[in-house]
Amino acid sequence: MKSTQIPLRFLFMLVLPAIFAYLVFLVPAYYWLQQNYDLFQSLSSKFSPDLWRDLEREIISLKSFLLIGFALLILVQTFFVTMLLKKAFKPIFLAEKTLRKWTENPWEEEDLQNLTQEDLFSLCPSARYFLTHIKRQTEVDLDLLHLLKPGSNDPELYKAWKNLVERKKFYLKNKTLPIVARNSEPDYQRRAS
């Protein structure tokens, strides 16, 4: 199932009650229709035999009307419930897409613009709070990393530290993420010890 598809259980939960309600009407209506048809058929055979063809046509058209009405109810109900669920789930799918984007790209508040245009406004303040909090936490982590800058005596440790600092900067600003290869020369200046 695609992440933007509406789960079928929600569709069934909203369509099945309407189908059940119509069946509660349809079964007795069909029963009484058949009872009345049998009564009129027996009366027509006794008093007016040429009326039988008209009764047959009427019973077929009434049964057809009931069944076509049932089919149309299912189709129309399914269509409108699907449209309603798409509108209701759209902000959730958009929030999921934005969160996935934030895990791979710099954090931008512009990504929240689409959330504010949707009907589910409670997602926007929550997403904005999340973004603000994660940015603040990343800035604190970056400040702590600058305090923990390793010396020049361990090049592998310096490469790992530099890579971590660059990744934190990447998420805070729209810069390209540098790839620090394991075997590349460290990017630091030598200090006299």
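The values are calculated or read from the model by the stated rules, or taken from the named source; none is laboratory data. Just so we're clear, the structure is a prediction, and the values are computed from it rather than from any experiment. Please note that ligands, DNA and RNA were not included when accessible areas were found on the heavy atoms of the full protein model with its side chains. Shrake-Rupley method; radii C 1.70, N 1.55, O 1.52, S 1.80 Å.
Checking Lys46, Lys2 one by one, the residue that is at pLDDT below 90 and in a helix (DSSP H, G or I) is Lys46 and no other.
Among the residues of the range 49-61, at least one is open to solvent by less than 80 Å² (accessible area, probe 1.4 Å), farther than 30 Å from Glu139 by Cα, modelled with pLDDT of 90 or more and in a helix (DSSP H, G or I). So, in the range 129-155, of the ones that are in a helix (DSSP H, G or I) and among the polar types (S, T, N, Q), which residue ends up least open to solvent (accessible area, probe 1.4 Å)? Looking at residues that are in a helix (DSSP H, G or I) and among the polar types (S, T, N, Q), I get Thr138. Taking the listed residues Thr82, Thr98, the one that is modelled with pLDDT under 80 and part of a helix (DSSP H, G or I) is Thr98, with no other qualifying.
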